[in-house]
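What follows is a single structure, written as structure tokens, with notes after it.
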Amino acid sequence: PSDASSVASQPVPAGATAEGLDYQRRAEAAFRAGRYDDAVRFANHAAVEMPRNGKFFLFLSQALFAVGDYRGAAGATQQAMSFLDAKDWGDVVKNFRRYYSNADYVEQVKRLEQFVEKNPDDPAARFMLGYHWGFLGHPKEAQRELARAVELESRDELAVKLLEHFGGKAPVASSPPKPRPAPAEPAEPER
């Protein structure tokens, strides 16, 4: 794939720095070469330099997904969703062939499915599986995973939005979520 189709070829977002764009190019090159750990490292640097570039956060999410950091990938995806229009939420997944030149993406999705089987109560992994299924054109599977993610983490408003984006409805809570207890004050030491 050529650089012409990369995130770096997109219009320069407001606030982007030359250093940020350099890290972005390095992250994309490492990703295309299958050096996903390097891609994450460079992408994290770029994200610091360009903290409001939603499409780049989608790329960061994909790099984190590639190394199996599903919680980090979910966070980066949600950060991107907060900056982008819904029509752009799946940009990297829909265009995964821009970034992968081999079968790694298929293997990474399978690895996520295996992780969810072993960790069925992990809301971030469920969110990521629903996200990928949905933007790969499998809305029913996406709805199933995202509904479970919302059941596990009812305060996740972006998971609800994504579930609705794929035609699902948020599960109706039988009772409002219980507030988290305030942390206990440390006791005075006895004298």
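Some notes on this structure:
- Of the criteria (1) open to solvent by 50 Å² or more (accessible area, probe 1.4 Å); (2) within 24 Å of ALA149 (Cα to Cα); (3) touching a residue at least 40 places away in the same chain (Cβ under 8 Å), which one PHE83 fails: (3)
- Per the listing GLU113, GLU28, the residue uniquely touching a residue at least 40 places away in the same chain (Cβ under 8 Å), assigned to a helix (DSSP H, G or I) and among the charged types (D, E, K, R) is GLU28.
- Considering (1) modelled with pLDDT under 95; (2) under 23 Å from ALA76 (Cα atoms); (3) surrounded by fewer than 16 Cβ atoms within 10 Å (Cβ to Cβ), the lone condition that PRO171 does not fulfil carries the number (2).
- Within region 142-155, the set of residues being open to solvent by 60 Å² or more (accessible area, probe 1.4 Å) and assigned to a helix (DSSP H, G or I) comprises ARG144, ARG148, GLU151.
- Every test in (1) closer than 29 Å to VAL48 by Cβ; (2) out of contact with any Gly (no Cβ under 8 Å at 6 or more places or on another chain); (3) open to solvent by less than 60 Å² (accessible area, probe 1.4 Å); (4) at pLDDT 95 or above is passed by GLY90 save one, and that test is (2).
- Screening PHE127 with (1) part of a helix (DSSP H, G or I); (2) open to solvent by 60 Å² or more (accessible area, probe 1.4 Å) gives one miss only, at (2).
- Selection count where residues are without any contact (Cβ under 8 Å) to a residue 40 or more places away in the chain and either touching a Leu at 6+ places or on another chain (Cβ under 6 Å) or at positive phi (or both), scope region 48-78: 3
- Filter pass, ARG71 being within 21 Å of LYS161 (Cα to Cα) and charged (D, E, K, R): yes
The values are calculated or read from the model by the stated rules, or taken from the named source; none is laboratory data. Just so you know, these numbers come straight off a predicted model, no measurement behind them. Counting neighbours? That spans all protein chains shown, and the Cβs are built from the backbone with ideal geometry, glycine included. These accessible areas exclude ligands, DNA and RNA; they are computed on the full protein's heavy atoms, side chains included. Shrake-Rupley method; radii C 1.70, N 1.55, O 1.52, S 1.80 Å.
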